[in-house]
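The values are calculated or read from the model by the stated rules, or taken from the named source; none is laboratory data. Source: prediction; values computed, not measured. For neighbour counting, all protein chains shown are included, and Cβ atoms are generated from backbone atoms with ideal geometry for every residue, glycine included.
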Amino acid sequence: MQAGETSTDVIIIGAGPVGLFAVFQLGLAKLKAHLVDILDKPGGQCAELYPEKPIYDIPGLPVCTGQELTGRLLEQIAPFEPTFHLGEMAASLDKTPGGKWRLTTDAGTVLTAPVLVIAAGGGSFVPKRPPIPGIEAYEGRSVFYAVRRMEDFRGRRLVIAGGGDSALDWTVNLAAVASELTLVHRRPEFRAAPATVAKMRELEARGLVKFETGQPSELKGADGQLEAVTIKRPDGTLFDIEADRLLPFFGLTMKLGPIADFGLNLNENLIPVDTEKFETGTNAIFAIGDINAYPGKLKLILSGFHEAALMAQAAHRYVHPDKVLRFQYTTSSSELQRLLKVA
Ligand SMILES: Cc1cc2nc3c(=O)[nH]c(=O)nc-3n(C[C@H](O)[C@H](O)[C@H](O)COP(=O)(O)OP(=O)(O)OC[C@H]3O[C@@H](n4cnc5c(N)ncnc54)[C@H](O)[C@@H]3O)c2cc1C
């Protein structure tokens, strides 16, 4: 192992419901897991796309919301103390000289393990780019789709675009550090939580935030340094806001992303697997949940849970080829109960 690398038994890409339940099944097999997710919170689609919607087809739970299911899974896997690397994209994969998988994230985290589990669902959530010509040249320099450190925006003239929770939350939070802040949305109604909208209106009344109706249509500046954002009003007229940072919050979309370059067989952006172990065509790389494909596949959470259980049996053989994993029930095995910290 090289300096800066963290070694574990299993690396899991994706902390959606299936990646989370994989931690449980791997934990029963005494395998330690590290999870990597581009989102800043666990739960995948359940937490990001429908946290408050009821789910009715989780066995034994007649009804629970996406957020409740995530919370229960986190509680269930807590005894196994998984390590989360959130807000990090699994970016590249290679092998160590010793034959382990080495995964590097876009934040520079390097993980090595004998087994890699891809539980990447529909792919990584990436921000939707607004249709502004030439915006790419400004991205990462004066156009940002996320706020990693509020201090980076201190004393800046900011334009925030969007009408959902992210746009309104960041308007309220960044008003304290920005020298000027203008929120731009195509209409004066917002989709964000009413309490946050009320706070934004209060800041507007105190002159700490400006609000304009319209959409950013052009960026003015040079070498990626923004000088002004041109706004198109609903009636088609244009005006400029002088600014040095634009933060567009137009929602997230899902893209397979770097996993497409991991050298795996792909079929229409899905990873074909066998149905005995849910292993890909590459030894010791498994794919479970929405990301995999096999005859009869149903993209349901419960299918992913079943796949995680069978994957864990096969993963154990890679991590401990010399040991036999005995089949046991959690109801009656004192060994499993000790692992679960209930006995
Ligand atoms: C509106 C809606 C309602 C639904 N209702 C139901 C229902 O009632 N019952 C049901 O069973 N299913 C339902 N589903 C489907 C269910 O949500 C999915 O089957 C489930 O989320 C799949 O879980 P997963 O863990 O495989 O993937 P996901 O939940 O998609 O999680 C994958 C995670 O991987 C991360 N990721 C991907 N690539 C990378 C990368 N390169 N680096 C880092 N992180 C990465 C993503 O950020 C994401 O967090 C619903 C889906 C939607 C959209």
TODO: Please work out which one of (1) in contact with a His (Cβ under 8 Å, 6 or more places away or on another chain); (2) within 16 Å of the ligand (Cβ to nearest atom) is the condition residue 211 fails and give its number.
DONE: (2)
Open item on the list: All but one of (1) in contact (Cβ under 8 Å) with a residue 60 or more places away in the chain; (2) at negative phi; (3) under 12 Å from the mean Cα position of the chain (by Cα) hold for residue 49; state the number of the condition that does not hold.
Closed with: (1)
TODO: Spot the failing condition for residue 238; the list is (1) surrounded by 14 or more Cβ atoms within 10 Å (Cβ to Cβ); (2) of a type in the set (A, V, I, L, M, F, W, C); (3) farther than 23 Å from residue 311 by Cβ, and only one is missed.
DONE: (1)
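Listed residues 94, 169; which is in a strand (DSSP E or B) and acidic (Asp, Glu)? Please lay out each step first, then the result.
Numbers: 169 fails: in a strand (DSSP E or B).
Among 94, 169, only 94 is in a strand (DSSP E or B) and acidic (Asp, Glu).
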Open item on the list: Looking only at segment 1-24, filter to residues that are surrounded by fewer than 24 Cβ atoms within 10 Å (Cβ to Cβ) and closer than 24 Å to residue 329 by Cβ; which one of those is nearest to the ligand (Cβ to nearest atom)?
Closed with: 24
TODO: Among what's in segment 74-91 and is in a loop (DSSP other than H, G, I, E, B) and more than 8 Å from the ligand (Cβ to nearest atom), pick the residue that is farthest from the chain's Cα centre (by Cα).
DONE: 81
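Select from segment 249-268 the residues that are assigned to a loop (DSSP other than H, G, I, E, B) and away from the ligand (no atom under 11 Å from the Cβ) and write down the one among them that is surrounded by the most Cβ atoms within 10 Å (Cβ to Cβ).
The qualifying residue surrounded by the most Cβ atoms within 10 Å (Cβ to Cβ) is 249.
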Task: Only one of 71, 27 that is in a helix (DSSP H, G or I), in contact (Cβ under 8 Å) with a residue 24 or more places away in the chain, more than 11 Å from the ligand (Cβ to nearest atom) and farther than 22 Å from residue 258 by Cβ - done: 27
- [ ] Evaluate segment 181-197: report whether one residue or more is part of a helix (DSSP H, G or I), in contact (Cβ under 8 Å) with a residue 24 or more places away in the chain and closer than 30 Å to residue 106 by Cα.
- [x] no
Open item on the list: Given (1) near the ligand (Cβ under 9 Å from one of its atoms); (2) within 17 Å of residue 121 (Cα to Cα); (3) of a type outside the set (S, T, N, Q); (4) in contact with a strand residue (DSSP E or B) (Cβ under 7 Å, 6 or more places away or on another chain), identify the lone condition not met by residue 58.
Closed with: (2)
Open item on the list: Let me confirm something: among 11, 55, which residue is modelled with pLDDT of 95 or more and touching a helix residue (DSSP H, G or I) at 6+ places or on another chain (Cβ under 7 Å)?
Closed with: 55
TODO: Could you check how many residues of segment 105-125 are more than 11 Å from the ligand (Cβ to nearest atom) and in a strand (DSSP E or B)?
DONE: 6
Open item on the list: Yes or no: segment 283-306 includes at least one residue that is out of contact with any Lys or Arg (no Cβ under 8 Å at 6 or more places or on another chain), of a type in the set (Ser, Thr, Tyr) and touching a residue at least 40 places away in the same chain (Cβ under 8 Å).
Closed with: no
Task: Leading residue by the ranking (farthest from residue 203 (Cα to Cα)) among those in segment 145-171 that are crowded, with 23+ Cβ neighbours inside 10 Å and among the aliphatic types (A, V, I, L, M) - done: 161
Open item on the list: surrounded by 14 or more Cβ atoms within 10 Å (Cβ to Cβ) and either free of Cβ contacts under 8 Å to residues at least 24 places away in the same chain or in contact with a Leu (Cβ under 8 Å, 6 or more places away or on another chain) (or both): is that true of residue 203 in this structure?
Closed with: no
